[in-house]
Each structure stands twice: as C-alpha cells, then as structure tokens.
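Scroll down for the structure; my scribbles are underneath it.
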Amino acid sequence: MSLPACVRYLRDYVAIPSVNPMRREDIPAEIVGERRYAEHLAGQLRGLGLDAELIGTGERASVVAEATAAGATETVLIASHLDTVPVDGMEIPPFEPTIDGGRLHGRGSCDTKSGMAAAVAALEELIPSGRLRCNVVLVGEADEECSSIGIRDLFARLGTRRPDWAIATEPTEMRVVTHHKGIAQVRIATHGVACHSSDPSAGRSAIIAAARAVLSLDALSRRLAERRDPRLGPPTLSVGLLSGGSAINIVPDHAVLSLDRRVLPGETERSIADEIGDAFTRDGIDDATLESCSIEKPALATAEDHPAVRACLAALARTGVRAATDVAAFATDASILAEGGIPGVVLGPGWIGHAHTAREFVEVEQVELATRFFVALLSR
C-alpha cells in the first residue's frame, strides 16, 4: 500500500541532514546547516507554482514561499523550522527514516519536519484544485534551536508587510498552544586575585566567588517560585555552565557562569538584570559582574479570542478533533513573530517528549491529522 504524501515527504526530509551546530565546532560539516533541506523544499514548492526563494547566507539558509488565493483578504504565515539538534548519542541511524509500528523514526521527524510535511501536503491538495481560500506564506526557518536567525532574515525579507497571524508547527499533539515562557541567557563573571596556590591567602579565588554567586542565585530561584503566572506558573532560573581557572596550582582570578532563565510575559532584560543585581547586593556578592543578559525568545501570550485561536480550533473541530487550547513549557519562534507584529499560536504533530531523543519519532497518525487540519484551515 502506498504511503500518504505527507509521510513520503517527511521521510524525504528526515533523510536530509540539517543539524544546527549550536555554536559547536566539533560537528561534521557534511551534516551541518539547513541549505540542502531549504533547496529541496524550494524545488517542491516551485513545482506547485509558488514563488519560493532562499534567504539567509551560507549553509544557514531559510526558504520562503507565497501562495495567493483569488479574492482572499487574509494571509496566514506557517513557520516550520528546518534545523534539528545534533545527533550525539542517537541509538538509531539519524538520517535513515524508518516506519515501524505506526511511527516514523529519525532526527527531526518530530521536531519539526513533520509539521512542514503536513503543510506541504495540504498545499499540494488545495492549490491544483483551486480550493485555497486564504493567502499563505510558508516559511522554513533556519536556527530555531539556537538564535532564530531565520526568523530575523524573514522579517528583513517581508519589510513592512505583515501576515495577519501565524502558526509555528512545533510538536503540541495538535493542541493549540497560546502561551509559553520565553528564554533569557545570562552570563556572569566573577573576579579574584591570582597567586601561587602554595599560599592562597595571598590572592582571592574567583571560583569561590562564583560558588557564592551560585548560592545567591539558587536562593533567588526559590523566591522566583513564589511568583506565578496563572497560565504558565513561575519563572525559573538554572545555572547551566561554570568555568574558571587556568592551572591547578594557580588561585584563579576569573570565572564565568551562565544561566538559563525562563521568562514570563512582561519580563524584560532590564528587569531580569536588576533582579540578579538586587540578589547579589542582598547577599553581599561584590566581586561578580553581570556581563550580558539576552532574551533569546520572549514569552508568548495570545488571547483566547484571537482570530488565530478561533480559526485553528474551528479547523480542528472540522477534522473531528475535540479542540483545546494549551500552554507549553518550551519556547518557540512564534513569540518572536508576535513581537514583530505577527501574532499567532503554536500547533503541530507529535509530542515534545519525543523530540531531541536518542530514538526520536513521530506518530504517523499525527502527521496525517496535521495534514487534514491544514486542509480544513486553508480551505475554509
């Protein structure tokens, strides 16, 4: 029995490596970058008569295609990122997609090549038959897993034009996600005085200063837990990296720690930095400097009555799904789109718990459901 188009496309996409280097230099060049996948998609979409083009530079390319429906007044942006996380520790061949027990396995199968496969299959059904009822901007963006350079390239490509709303096709098990936390990355340096370790009292250890800073941040994280958003819960703080010192027999004069800070709606880089500064003052930490605080992805907060939410719930209902809204613990490019004037939701096939794993997979049934959803949404 032949496979549905969406499954065949997903199989093709998984077979194309599009690994995000994640600021690493040890990943083989032949699997790094989104360009090959973007070129494949551009060829597919041009075959549907769409004006598809690559944007961005080098191997970190994104693809943008536009479909116009006669008489349509609404434009929907569908964004599905092209990059995958690296493949370290995978227990299956990452780029040899296999179907077993109703699951398609391979890196990116869940996050998020299945969303793109569903969207392309839906457009292939609607465009030749003349059933497309709204304008569509389909975007395969680079670098969602790290710095979102693809979405920033998209804004440069769009100029002042803005679609009415957007869907980011992350794995939500086809629930309409309206809210998620954002991500801030914080870098803090601690300072000491170097000396020979035979007499540590002659210097001052930056690593000990960093340890005190970590304890202060841990106390701050417990205070953050008392502040709760009604939908998303509390903001969080986690120290993920700590480094310092140059030799075992030298008291270190410099150390660096990096934090992951999950952000609620309304929080800013300034408010986060001030909060950390106040914590250090409170705990007498005077040898630490906040070097940078950057919100990589802001929080998403889309109103339940927004047209994007209503349209997606209605399309799901038409496919026979009991439609529901939800929140997500992970951050997405949907929040950057919203910040740039394109509000929307997160919705796609698969479960986030299967993404980034050693045996990543997506349920084939979910991919087929996503295709039916896009057909119902774009033909309404």
Residues of segment 65-94 satisfying the condition of being assigned to a loop (DSSP other than H, G, I, E, B), closer than 14 Å to THR112 by Cα and hydrophobic (A, V, I, L, M, F, W, C): LEU82, VAL85
Qualifying positions in segment 339-366 - surrounded by 20 or more Cβ atoms within 10 Å (Cβ to Cβ) and either in a loop (DSSP other than H, G, I, E, B) or not assigned by TED's automatic domain parsing to the domain that holds GLU173 (or both): ILE342, PRO343, LEU347, GLY348, PRO349, GLY350, ALA355, GLU360
Selection from segment 7-28 of residues that are among the hydrophobic types (A, V, I, L, M, F, W, C) and within 22 Å of the chain's Cα centre (by Cα): LEU10, VAL14, ALA15, ILE16, VAL19, MET22, ILE27
Filtered residues of segment 114-161 (kept if polar (S, T, N, Q), farther than 29 Å from ARG24 by Cβ and either part of a helix (DSSP H, G or I) or in contact with a His (Cβ under 8 Å, 6 or more places away or on another chain) (or both)): SER129
Top-ranked residue of segment 141-183 - restricted to ones that are under 30 Å from PHE280 (Cα atoms) and touching an Asp or Glu at 6+ places or on another chain (Cβ under 7 Å), ranked as modelled with the lowest pLDDT: SER147
Tally, over segment 54-85, of residues that are touching a residue at least 24 places away in the same chain (Cβ under 8 Å), of a type outside the set (S, T, N, Q), surrounded by fewer than 20 Cβ atoms within 10 Å (Cβ to Cβ) and in contact with a strand residue (DSSP E or B) (Cβ under 8 Å, 6 or more places away or on another chain): 7
Number of positions in segment 139-153 that are crowded, with 24+ Cβ neighbours inside 10 Å and not small (Gly, Ala, Ser): 5
Residue in segment 335-348 that is under 22 Å from HIS105 (Cα atoms), in contact (Cβ under 8 Å) with a residue 12 or more places away in the chain and hydrophobic (A, V, I, L, M, F, W, C) present: yes
So PHE373, is it in the same structural domain as ALA15 (by TED's automatic domain parsing) and either assigned to a strand (DSSP E or B) or touching a His at 6+ places or on another chain (Cβ under 8 Å) (or both): no
Looking only at segment 2-45, and only at residues there that are on the phi < 0 side of the Ramachandran plot, in a loop (DSSP other than H, G, I, E, B) and of a type in the set (A, V, I, L, M), the one that is surrounded by the fewest Cβ atoms within 10 Å (Cβ to Cβ): LEU3
Within segment 279-317, tally of residues that are within 20 Å of VAL177 (Cβ to Cβ), basic (Lys, Arg) and surrounded by fewer than 16 Cβ atoms within 10 Å (Cβ to Cβ): 1
Among the candidates ALA156, ALA166, ALA122, residue that is surrounded by fewer than 17 Cβ atoms within 10 Å (Cβ to Cβ), in the same structural domain as ALA331 (by TED's automatic domain parsing), in contact (Cβ under 8 Å) with a residue 40 or more places away in the chain and hydrophobic (A, V, I, L, M, F, W, C): ALA156
Lone unmet requirement of (1) in contact with a helix residue (DSSP H, G or I) (Cβ under 7 Å, 6 or more places away or on another chain); (2) assigned to a loop (DSSP other than H, G, I, E, B); (3) of a type in the set (Val, Ile, Thr) for ILE336: (2)
Output for segment 19-47, where each listed residue is touching a strand residue (DSSP E or B) at 6+ places or on another chain (Cβ under 6 Å) and among the basic types (Lys, Arg): ARG46
Residue count, segment 30-69 (criterion: closer than 18 Å to GLY108 by Cα and over 22 Å from the mean Cα position of the chain (by Cα)): 1
Selection count where residues are β-branched (Val, Ile, Thr) and within 22 Å of ARG131 (Cα to Cα), scope segment 18-69: 2
Matching residues in segment 192-222 - criterion: being in a helix (DSSP H, G or I), among the basic types (Lys, Arg) and touching a residue at least 24 places away in the same chain (Cβ under 8 Å): ARG212
Given (1) out of contact with any helix residue (DSSP H, G or I) (no Cβ under 9 Å at 6 or more places or on another chain); (2) surrounded by 13 or more Cβ atoms within 10 Å (Cβ to Cβ); (3) over 15 Å from ILE285 (Cα atoms), index of the condition LEU224 fails: (1)
Odd one out for ALA189, checked against (1) of a type in the set (A, V, I, L, M); (2) over 27 Å from GLU339 (Cα atoms); (3) assigned by TED's automatic domain parsing to the domain that holds GLU339: (3)
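The values are calculated or read from the model by the stated rules, or taken from the named source; none is laboratory data. Quantities reported herein were computed from a predicted structural model and do not represent experimental measurements. When we count neighbours, we look across all protein chains shown, and the Cβ atoms used for this are built from the backbone with ideal geometry, even at glycine.
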